[in-house]
1. Report, ordered by the first and then the second residue, all pairs with beta carbons closer than 6 Å, sequence separation of six or more or different chains, a first member in the range 159-173 that is within 13 Å of residue 135 (Cα to Cα), and a second member that is more than 6 Å from the ligand (Cβ to nearest atom) and assigned to a strand (DSSP E or B).
2. Of all residues in the range 68-85, count the ones that are small (Gly, Ala, Ser) and either touching an Asp or Glu at 6+ places or on another chain (Cβ under 8 Å) or modelled with pLDDT of 95 or more (or both).
3. Kindly list, by first and then second residue, each pair from a residue in the range 53-65 that is aromatic (Phe, Trp, Tyr) to a residue that is not in a loop (DSSP other than H, G, I, E, B), limited to pairs with Cβ atoms under 6 Å and residues at least 6 apart or on different chains.
4. Name the residue, out of 3, 64, 52, that is at pLDDT 95 or above, surrounded by fewer than 18 Cβ atoms within 10 Å (Cβ to Cβ) and either under 29 Å from residue 128 (Cβ atoms) or not charged (D, E, K, R) (or both).
5. If you go through the range 136-161 one residue at a time, how many are part of a strand (DSSP E or B) and away from the ligand (no atom under 16 Å from the Cβ)?
Amino acid sequence: MRLQDKVYGFFTAFGNRIITFKEPMPNKVLKGYVIGRERVPNEGSCRVNCYLNPDYVSINMGPLIEGELTCELNAATSGNEYFSRLEYQKDHTYLEIENSCNNRPCLNGGTCQAGFTKTGFRCQCSIGSFGKQCETIAKSCSHLKELKPGAESGTYIIDPDGYGPQLPFNVTCNMTDKNGVGVTVISHDSENRTLVDGCDPAGCYS
Ligand SMILES: [Ca+2]
């Protein structure tokens, strides 16, 4: 599979987001997922606010009072045909976008954002995981340095046996040692730090 460095970082530009709103649902709101709240002059402004933040996927709108309405921005959508989280609230309106994150495509703790790329989502991968769906985890710090040459020293998740049964775990990588090749400092289950270097290919210190 192809590795994409670009999923590694965070983006601040929203221009490439494409979202599609479904039909508004009167007298409904989604509770418990509000991560933003604004007073806006109309429904259109609330939709724009939803578009501008890649973590917003639905909105609750209050009634228009004296030229303003409350626009609540949610980090989730209502569920599916079998399950709905919506609650009745008179004079409010619920509106959600087509949410390609509903089936949780991002692996290894990655965060899904709806409205990006041809697939309708993109993943913000946890540090140390890579790929369109964060499906790849480096096998060692040196492997990570190969995948991400600019990686700095810090805590990363690695999976020495790849798809083997051992679960990924966090390690401290010292990226400045060994001419920047990447040195794995194992910091779990051990009081003293253990330096493991030259550990490539995978599994050499299991
Ligand atoms: Ca594994």
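The values are calculated or read from the model by the stated rules, or taken from the named source; none is laboratory data. Model, not experiment: these values are computed from the prediction. Neighbour counts are summed over all protein chains in view; Cβ atoms, including those assigned to glycine, are modelled from backbone coordinates with ideal geometry.
1. Pairs that qualify, where the first residue is within 13 Å of residue 135 (Cα to Cα) and the partner is more than 6 Å from the ligand (Cβ to nearest atom) and assigned to a strand (DSSP E or B), are 159/137; 168/137; 168/157.
2. 2
3. Qualifying pairs under 6 Å: 56/50; 56/73.
4. Of the residues listed, the single one that is at pLDDT 95 or above, surrounded by fewer than 18 Cβ atoms within 10 Å (Cβ to Cβ) and either under 29 Å from residue 128 (Cβ atoms) or not charged (D, E, K, R) (or both) is 64.
5. Residues meeting the conditions: 2.
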